[in-house]
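Let me begin by presenting the structure, written as structure tokens, before commenting on it.
The values are calculated or read from the model by the stated rules, or taken from the named source; none is laboratory data. None of the values given here were measured: they were computed from a predicted structure. Here Cβ is always computed from backbone atoms with ideal geometry, including for glycine, and neighbour counts include all displayed protein chains. The accessibility values were calculated without ligands, DNA or RNA, using every heavy atom of the protein model including side chains. Shrake-Rupley method; radii C 1.70, N 1.55, O 1.52, S 1.80 Å.
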Amino acid sequence: MNESPAFPARAPLPFYLNEELRRLILKRIISSNKRADSWPTDCLESVANSIEDTRAAVLQFVCGDPGWAVIDTGLAEHADDEITSGAWNLFTALCQPIPQYRSGELIHEVKVASRQILGASHYSQSNRSGGHHTDGALLDIPPDLAMLIGINTADNGGETVIVDGQAIAEEISKNAPAAFSALQDFHPFYSGDAIDPVVMHRVIDSTNRRPVIQYMR
């Protein structure tokens, strides 16, 4: 059987943080009560100076083939706040965080719930599946990277499927040029929240070196 262009033939091995780097990323602990729009976006200088080689390698995987990377922080036995803070401090050393939503949220909690919480997105309940989408689909300029922090693994549900958008754009361009042209037009995007306006974006923007895809169901 042929390899699917959306998935790499070989997944990258995890990056493991050494003991010194694990100590450095725990130098700033962020309370879980911190407002989601006020997490620090500056990078700890000590982390930045110690992560150059790892940073280059991670970004090479994320921005090239296969388009994603797994980092084992070695913090599995630590408290939840320490795991989240350490991963966030590492993220700020890899890139500059930007809000994903108009509400300014920099980080968003996802957890299994026994029942749907009124007013909560089903993406936040992790025992329900959502359609394929890109993060920041309503932003004028979508983020280049997204990070998922694993704290506790659910017994079931919560699967994440990562899709190679560049491969999809190339396949559509080659096999369905009319559809590719239509997807480069502006289309309405709407979150479903009453206070959010309808915004117009291209689904595929191929004006850059690499095609940028913004999509939500």
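Worth a mention:
- Applying the criterion of being open to solvent by 40 Å² or more (accessible area, probe 1.4 Å) and touching a residue at least 40 places away in the same chain (Cβ under 8 Å) to the residues of the range 165-190, the residue that is nearest to G131 (Cα to Cα) is I168.
- Selection of the range 71-88 for residues being aliphatic (A, V, I, L, M) and either part of a helix (DSSP H, G or I) or open to solvent by 40 Å² or more (accessible area, probe 1.4 Å) (or both) yields I71, A76, A79, I83, A87.
- D196 falls short on exactly one of the conditions (1) closer than 30 Å to G64 by Cβ; (2) at pLDDT 80 or above, and that condition is (1).
- Subset tally (residues that are open to solvent by 60 Å² or more (accessible area, probe 1.4 Å) and farther than 12 Å from L145 by Cβ) for the range 59-70: 3
- Scanning the range 39-70 for residues that are part of a loop (DSSP other than H, G, I, E, B), farther than 16 Å from Q96 by Cβ and in contact (Cβ under 8 Å) with a residue 40 or more places away in the chain returns D65, P66, G67, W68, A69, V70.
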